[in-house]
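All of the numbers you see were taken from the coordinates with simple rules; none came from a lab. From a predicted model like this one, the values you see are computed outputs, not experimental measurements. A quick note on method: Cβ atoms are made from the backbone with ideal geometry, for glycine too, and the neighbour counts reach across all protein chains shown.
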Amino acid sequence: MDRRTDYLVVGGGMAADAAARGIRDVDPDGTILIVGADEDPPVRRPALSKDLWTDDDTTPTDVLLGTADATGATLLTGTEVTGLDPDAHQATTASGTIAYRVALLATGGRPRVLDDVPPGDRVVYFRTLADYRRLRRLAQRGSHVVVVGGGYIGSEVTAALAQNGVDVTMVFPEDAPGGGRFVPEIADQVSRRYADAGVDLRQGRTVTSTMSDDDEVTVTLDDGTTLTATAVVVGLGVTPDTSLAEAAGIALCDDGGVLVDEHLRTSAPDVLAAGDVASFVDPRLGRRRVEHEDNATTMGEAAGRVMAGEDVAYQHTPFFYSDLFDLGYEAVGRLDPTLETVVDHPTDDGTVVYHLDDGRVVGVLLWNVWDSVDAARDLVARPDPPDDLTGLIPKGDA
Ligand code: NAD
């Protein structure tokens, strides 16, 4: 069936939801069509590895963002846009063409998959609400799950499972959970917390292969160890999904994303990009690609406004956050312990870690320190940070 819409949003994640809201704020009447490959409508993605496991009152229905009701958009779920012709203002799906006025690429990223760790009934590359549902069914109290990867997915899902009585083995190449983003004293604290919760930590290890049968999966590590489990959860990072942009001849950036200007316009006429897939200019940190909620929602909304004709520029330095058992943090910029770092302890259990590159603060980790994101952002902006950074961000500084 051929369709026609004023606004076409390709992708069904948080950036897509925010874009529809941005469009609707500016244009009360234009038609919006969202086409997403996921089987579910847009969801509050952080809940998949947090609240849905830790808050008994949160159900899968609660995490749906209610995009269609809030914006009047038409949603095509489980549908891929297979082609885009920017000059003709036309997109293609398996079921027909879509004529549009302005389009947004909010295609996000695809999990990086290892050849010898094929996705399957018991091997979950964790990203969508469907993945959550599958893992919930498999990971019963007392079952054994192997989590592969120590980054955001690996560390959050491990904590979530352990808090639900699941016996977890976590396999990751770094020294501690956290994807190598923490300075040693925080990394040690994190490792201790996971060990205290009964998690079997296989640090410094990678997975080389998995073999599934009807009842369990056998996981082989790079030191030859084998583990058997009811399920394997994998989080090895994502690759920005630029296939549609590439095929349409849209310019990409060296970081693998779709290149956008400050109005989130791509190199093609009337095609914008936002969210995980977009390589944008951060006013403080320069051109970058960010795979976190605040970026997806803030950039998505700005893109929607631009699509509907408002003259807005995206000039935001996004923050991100994580919850690991009772530990948690908010952060801005780059968390890279190989950079020069300054570690400050403004509270008994809170720590601020400043990451510096060439004398400038490029990242701030607010470890168990809350309400200080704006102060961290201001510091990242400064071309001449003070020589002594300690005490600059006290607890509760807004
Ligand atoms: P990630 O980049 O955080 O972690 C990837 C991890 O893969 C590395 O840290 C490493 O531990 C591991 N790894 C690589 N090769 C391995 C191997 N052969 N064996 C074992 N481990 C290996 O990516 P992710 O955790 O997959 O997260 C996916 C996406 O979801 C990211 O875009 C992330 O930003 C996003 N996300 C964000 C949050 C948050 O903001 N709190 C939470 C969940 C997911």
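Before moving on, here are some points about what is shown:
- Footprinting exposure proxy ranking of 243, 191, 372, fewest other C-beta atoms within 10 angstrom first, gives 243, 191, 372.
- Among 201, 114, 335, residue whose mean-square fluctuation peaks in a GNM of the chain (springs only between Cα atoms under 10 Å): 114
- Exposed-loop-free span, longest in the chain, where trypsin sites (Lys or Arg not before Pro) count as exposed if DSSP calls them loop and at most 14 other C-beta atoms lie within 10 Å: 142-398
- Rounded FRET efficiency, nearest 0.05, which uses the C-beta distance separating residue 110 from residue 2 and R0 of 35 Å: 0.80
- Ranked by how many other Cβ atoms sit within 10 Å of their own Cβ, fewest first, the residues 341, 351, 107 fall in the order 341, 351, 107.
- Taking amide H as placed 1.01 Å from N in the peptide plane, the amide H of residue 328 sits under 5 Å from that of 368, each at least 5 places away or on another chain.
- Integer Hz, Karplus 6.51/-1.76/1.60 couplings in order for the stretch 2-11, x for Gly and Pro: 8, 10, 9, 8, 6, 10, 10, 10, 9, x
- Based on DSSP H segments of at least four residues, each scored -39500 (n - 2.57), the chain has a per-residue ellipticity at 222 nm of -6000 deg cm²/dmol.
- The slack between residue 215 and residue 61, meaning 0.36 nm per residue of separation minus the straight C-alpha distance, is 52.5 nm.
- Cα pair distances in the chain, grouped into 10 Å bins until the bin that holds the longest one, percent each: 5, 22, 29, 26, 15, 3, 0
- Among beta bridges identified by DSSP and lying wholly in the chain, the antiparallel ones come to about 60 percent.
- Shown is the FRET efficiency for residue 341 and residue 312, computed with R0 = 45 Å from the Cβ-Cβ distance and rounded to the nearest 0.05: 0.80.
- Under 5 Å between amide hydrogens, built in the peptide plane, is the criterion, and for residue 110 it picks out 239, 241 among residues at least 5 positions away or on other chains.
- Estimated FRET transfer efficiency (residue 357, residue 255; beta-carbon r; R0 22 Å; 0.05): 0.85
- Available extension along the chain between residue 25 and residue 185 is 53.0 nm, counting 0.36 nm per residue and deducting the alpha carbon span.
- Straightening the chain between residue 94 and residue 243 buys 52.0 nm, computed as 0.36 nm per residue apart minus the Cα-Cα spacing.
- Amide H within-cut-off set for residue 76, under 5 Å, with H built and near neighbours excluded: 34, 35, 36
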